[in-house]
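To keep things clear, I will list the structure first and then write my remarks on it.
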C-alpha cells in the first residue's frame, strides 16, 4: 500500500529562533518528509526524528539529506530501496543545547518561628537556576511530552514541584537547626544555595538535564499576606525606634499628642468634632513632657530607650529594684553611657568605665553633662550633683554652694553658717540678734 499526502512533501526542514524567548525544544509543524528532504541543524542544536512513536534518527549541526543511508530504519519500516524519492511521515524536534543561567524562581508560604523576634514569621524566597540539556532524547520523551514548543516558562512550571519541596525543607531545617533568625539569614545564603544544589542534583539527569547553577538570592518577609505586612511594619518601627532612641510608649504618646493638636487646630478653624478638648489634653501632655518633675502617665511613658529603671519616687519602687532617695542602699542601675546594668555600690561601670553619676533623689545614673535626671526629672546643678555639698529637704535636688533657696522647687535651704541671716543671707556680727537688713531674728 502506498503513502498518500494531502500536500507535497517538504524540501527543507530547519528552525531559526527569531524572538528573545528562551526555547528549549521546538516541534516542526510539518511531518510530510521524503528521502530528498534537506534537514538543516544549526550550532548548539540537535534534531530528533520520531516515526511510529520511536526514535528514527538523531542529527547534529550541519546539512543532512534524509536518505535510507542515514536513516536505515526507513528500509525496515517502509520497504524503501536505495535510490529514488520516497515520501514518509516523521515528527522533527529541534532541541536547544545552550546553557541557561538565569531562570527565576520564587517560593512563598515559608512560615517559621523566628529566633530573633520569637514569633511566627511568613517568609518568601527568591533565586535563579541554570539548566543544560545533556540527553535530548530523554528530555523530549520524559519532560517535553506533547507540547509543540517548550519554553523557559514551561521549564519553570515543570520544575517547580521539585524546587518547591526541596527549597522549603532545606531553608526551614537550616534556620531551625542552626538557630538562625531572619535578621541574620542573608549571611548564610551561599551555604543554603550550595546545599540545595547538591540535594537536587540527582533529579535532573532522569529527565535529560543537568543543573549547572542554583542560587538563593533573597529570603524576606512575605508582604503578600496581611500578617506579613503587619510584621514588616512592626520591624520597621522597631528599627526606627532603636535609631532615634525612643521607646514604643514614647512613640504612642507623641502620636496621641500630634493627633490632639490637629484636633485643636480643627476646633480653632471652626470644626465641631470635639477637637478643642483633645487640643487642651495635648497641651497638658506636652507640659508634662517638659516639666521638671514628670509624674503620672507622662513620667512613665518618657523613660529612656535604653531601659534605665525609674528609681525612687513615692509609691514607685520599680518592682523592688529601686529605693527612694540617694542613700537608699545598694540597687541595680543602668549605665548612662553603655546602658548595661551594674550595682550602685560600684563607682565606675564595669562594662565601659563610665563614672557613676547618681541622681540625688532616685539614684539613676546620668551623663556628666545632664541637667536633669533621665528617670525622675530632678534638676542636676552643674552637670548632675557635681560640686554640691547638700541637698534640698523638699525635692532632694543638689544645692549650689551658698544657695539660700532650692533652684528646683524654691524651698528655703537650711544654712550651716550661723553668722548669716536665714532669711536673706546677709552676713551678721557674731553678737547680733537681728539681721541688720531684713530684721529677721537669729
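The values are calculated or read from the model by the stated rules, or taken from the named source; none is laboratory data. Because the structure is a prediction, the values reported are computed rather than measured. Glycine gets a Cβ as well: all are built from the backbone with ideal geometry, and neighbour counts include every protein chain shown.
Within segment 224-244, restricting attention to residues that are in contact with a strand residue (DSSP E or B) (Cβ under 8 Å, 6 or more places away or on another chain) and farther than 13 Å from residue 182 by Cβ, which residue is surrounded by the fewest Cβ atoms within 10 Å (Cβ to Cβ)? For segment 224-244, the residue satisfying everything is 224. The residues in segment 365-378 that are buried (at least 24 other Cβ atoms within 10 Å of the Cβ) and not in a loop (DSSP other than H, G, I, E, B) can be counted, and the count is 1. Give the residue that is farthest from the chain's Cα centre (by Cα), with candidates limited to residues of segment 417-442 that are assigned to a strand (DSSP E or B) and either over 21 Å from residue 405 (Cβ atoms) or at pLDDT 75 or above (or both). Residue satisfying both the conditions and the ranking: 434. Quick one: is residue 116 in a strand (DSSP E or B), under 47 Å from the mean Cα position of the chain (by Cα) and surrounded by fewer than 15 Cβ atoms within 10 Å (Cβ to Cβ)? No.
Answer with yes or no whether residue 362 is surrounded by 14 or more Cβ atoms within 10 Å (Cβ to Cβ), assigned by TED's automatic domain parsing to the domain that holds residue 336 and at pLDDT 80 or above. Yes, satisfied. In this structure, is residue 173 out of contact with any helix residue (DSSP H, G or I) (no Cβ under 8 Å at 6 or more places or on another chain), exposed (fewer than 15 other Cβ atoms within 10 Å of the Cβ) and without any contact (Cβ under 8 Å) to a residue 12 or more places away in the chain? Considered against the rule, which asks whether it is out of contact with any helix residue (DSSP H, G or I) (no Cβ under 8 Å at 6 or more places or on another chain), exposed (fewer than 15 other Cβ atoms within 10 Å of the Cβ) and without any contact (Cβ under 8 Å) to a residue 12 or more places away in the chain, residue 173 comes out as yes.
Determine, yes or no, whether residue 108 is closer than 26 Å to residue 235 by Cα, at pLDDT below 90 and in contact with a strand residue (DSSP E or B) (Cβ under 7 Å, 6 or more places away or on another chain). Judged against the criteria, residue 108 is a match.
Only one of the listed residues (310, 414) is modelled with pLDDT under 80 and farther than 28 Å from residue 442 by Cβ. That residue is 310.
Conditions tested, residue by residue: (1) modelled with pLDDT of 90 or more; (2) surrounded by fewer than 15 Cβ atoms within 10 Å (Cβ to Cβ); (3) assigned by TED's automatic domain parsing to the domain that holds residue 172.
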site: 67; (1), (2), (3): no, no, no
site: 72; (1), (2), (3): no, yes, no
site: 87; (1), (2), (3): no, no, no
site: 122; (1), (2), (3): no, no, yes
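If we keep just the residues of segment 179-223 that are surrounded by 13 or more Cβ atoms within 10 Å (Cβ to Cβ) and assigned to a loop (DSSP other than H, G, I, E, B), which is modelled with the highest pLDDT? This residue is 208.
Taking the conditions (1) closer than 13 Å to residue 115 by Cβ; (2) surrounded by fewer than 14 Cβ atoms within 10 Å (Cβ to Cβ) in turn, residue 153 satisfies each one other than (1).
If you go through segment 124-139 and keep only what is over 28 Å from residue 45 (Cα atoms) and either in the same structural domain as residue 41 (by TED's automatic domain parsing) or surrounded by fewer than 18 Cβ atoms within 10 Å (Cβ to Cβ) (or both), you end up with just 126.
Tell me whether segment 160-167 contains one or more residues that are under 34 Å from the mean Cα position of the chain (by Cα), in contact (Cβ under 8 Å) with a residue 60 or more places away in the chain, crowded, with 17+ Cβ neighbours inside 10 Å and in a helix (DSSP H, G or I). The answer is yes; a qualifying residue exists.
For segment 123-151, the set of residues classified as part of a helix (DSSP H, G or I), within 23 Å of residue 104 (Cβ to Cβ) and touching a strand residue (DSSP E or B) at 6+ places or on another chain (Cβ under 6 Å) consists of 139, 144, listed by residue number. Selection over segment 14-35 of residues that are farther than 16 Å from residue 149 by Cα and at pLDDT 85 or above gives a count of 2.
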